[in-house]
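The values are calculated or read from the model by the stated rules, or taken from the named source; none is laboratory data. In this text, all values refer to a predicted model and were calculated from it rather than measured experimentally. Cβ placement follows ideal geometry from the backbone for every residue including glycine, while neighbour counts extend to all protein chains displayed. When the accessible area is computed, the model is the full protein with side chains, heavy atoms only, and any ligands, DNA or RNA have been set aside. Shrake-Rupley method; radii C 1.70, N 1.55, O 1.52, S 1.80 Å.
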Amino acid sequence: MKGHIISGAALMLMALYLKFSFPGGCTYKPFLYSQNSRQMRREIMGRQKDLEFFYQTLMGIKDTVPEESVRYMEMDLEGPQSLTCKDLSQITGLDYIGSGFTKVVVKGTLLKGKSIALKSIHGQGNDMKQCVQQYGDHSGCHRLATYKLQKEIALLQILRHPGIIQLHGQCYVSSAPSDIRVTAMLELGSPLEMIQLLQTPWEERFKICWELVQLLHYLANSPMGSIALLDFQPRQFVLVDGNLKVTDMDDASSEEPTCSQDADCALSFPARTYTMTCSAVGRCTGSNEKRNLYNAYRFFFTYLLPHAAPRALQPLLEDIMNMTGELQVGINETLEAFEDVLKVYKTGMNQSQEHHLRDYTVFRGFRMNDTDGGFRCWPSYNHQGCLLSVHSAAEAAEFCNGRPQCRNFMISQQKTWTGRYLTTFTMNSLQLVPDENYSIYVKRSGDSDLQEG
């Protein structure tokens, strides 16, 4: 298997390490028996058991993942692959990015100039501090925290999807029998800033929600079963080349609660509580999927979907908001609803707008020598002017006709992710410059204000 998937031999070595370095093995029992806390011992054994499960799943991954996931895992990817401790030792330009409860992330530059993210245990984080305060054992607490990062590394190899951050490699350095230092090397993303997203055009905000729904659909049908993101927050996501990716997976869980009655299957959120059905096998089946979906609704859909949405799409979006906000549907129905919105949006929203072009003269093969900021619209791709995407010249004309200050618009051949054309709207008289990649539409009353350069 190509890429950064650990080889079978390496996995066997890791399994042996787990067997002989932890409770139940035979090599380092003195370390465990030197601990004064039986609770810490139980925690170590519990996390060891979980980690062994992930490694066993990883060793059999090719027999369990869907064919399309295997293709994604095996395809040649651009950038660094199978990075090792040698690569880590050659990284320069380290720069702090951020830290959380357990881990710290820094940015570094590889020998060939590629920037990546490095994730390791945060020795001064709250997880370590609280553990040391409780147990008084720094080495044992570091081991407990390391389990979380090892779990995340394994998950990033089992769960292969464009919406999950890409693992480029890892480095394990055993500095002592009782300690192991782990660093994960990941693709670098930029933090997801919700305030900035609210200032972007609706199409880009829809893209974020659309990519999130595709990710949740994958997690509901993953090789490990339905997976819940227990720490579901916008801060757990990043943008990589404009694409949404979840970057923190250590709190992901494939376990669904056991139950004896429906009341045991309550999904509690700050503002709502939902009761699901207890299945015949004594599990709250579907709770992981529904938990993810409602969190997507309250953290993403609520803020990004309705605001400044095209009028023709508002009924469809209202249905999505109602369905997900009330958990009336699952992720499959939600995915279909998003696909319907995308289809209508890509086809011009089924509106007849050709009559709006009657008032315009077109100059094909020309662009404006400047795109003045005198005419502005919001939200816009350009905050200093009015740059939007349109399905056709007729849609652009309708927009311009509805705003008295707008006098002309320029359509480029550059397209957005949905195939719509980026279009600049202006109000001032401007000089024309030959350029085959553009077309300019001018209101007939303003033809004399344009001069050919």
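Quick notes
- Where a residue in region 263-274 is within 15 Å of Gly286 (Cα to Cα) and its partner, wherever it lies, is assigned to a loop (DSSP other than H, G, I, E, B) and of a type in the set (A, V, I, L, M), with Cβ under 8 Å and at least six apart: Cys265/Met276; Ala266/Met276; Leu267/Met276; Leu267/Leu327; Tyr274/Leu327
- Failed item in (1) open to solvent by less than 50 Å² (accessible area, probe 1.4 Å); (2) modelled with pLDDT under 90, with Phe409 passing the rest: (2)
- For region 431-448, residues that are under 20 Å from His356 (Cβ atoms) and either among the hydrophobic types (A, V, I, L, M, F, W, C) or open to solvent by 30 Å² or more (accessible area, probe 1.4 Å) (or both) total 7.
- Matching entry among Thr347, Thr334 (being in contact with a Leu (Cβ under 9 Å, 6 or more places away or on another chain) and touching a residue at least 40 places away in the same chain (Cβ under 8 Å)): Thr334
- Evaluation of Asn322 against (1) under 22 Å from the mean Cα position of the chain (by Cα); (2) without any contact (Cβ under 8 Å) to a residue 40 or more places away in the chain (one fails), failing number: (1)
- If you go through region 278-291 and keep only what is open to solvent by 40 Å² or more (accessible area, probe 1.4 Å) and within 26 Å of Gln233 (Cα to Cα), you end up with Arg283, Thr285, Glu289, Lys290, Arg291.
- Considering residues of region 267-311 that are over 26 Å from the mean Cα position of the chain (by Cα) and among the small types (Gly, Ala, Ser) only, the residue nearest to Lys207 (Cα to Cα): Ser279
- Search result, residues across region 267-277 that are open to solvent by less than 50 Å² (accessible area, probe 1.4 Å), within 17 Å of Val329 (Cα to Cα) and not aliphatic (A, V, I, L, M): Tyr274
- The number of residues in region 412-430 that are open to solvent by 60 Å² or more (accessible area, probe 1.4 Å), in contact (Cβ under 8 Å) with a residue 24 or more places away in the chain and over 20 Å from Ile208 (Cα atoms) comes to 2.
- Checked against (1) of a type in the set (Gly, Ala, Ser); (2) closer than 29 Å to Asp340 by Cα; (3) in contact with a Lys or Arg (Cβ under 9 Å, 6 or more places away or on another chain), Ser226 passes all but a single condition, namely (3).
- Filtered residues of region 108-156 (kept if small (Gly, Ala, Ser) and touching a residue at least 12 places away in the same chain (Cβ under 8 Å)): Gly108, Ser115, Ala117, Ser120, Gly123, Gly125, Gly136, Ser139, Gly140, Ala145, Ala154
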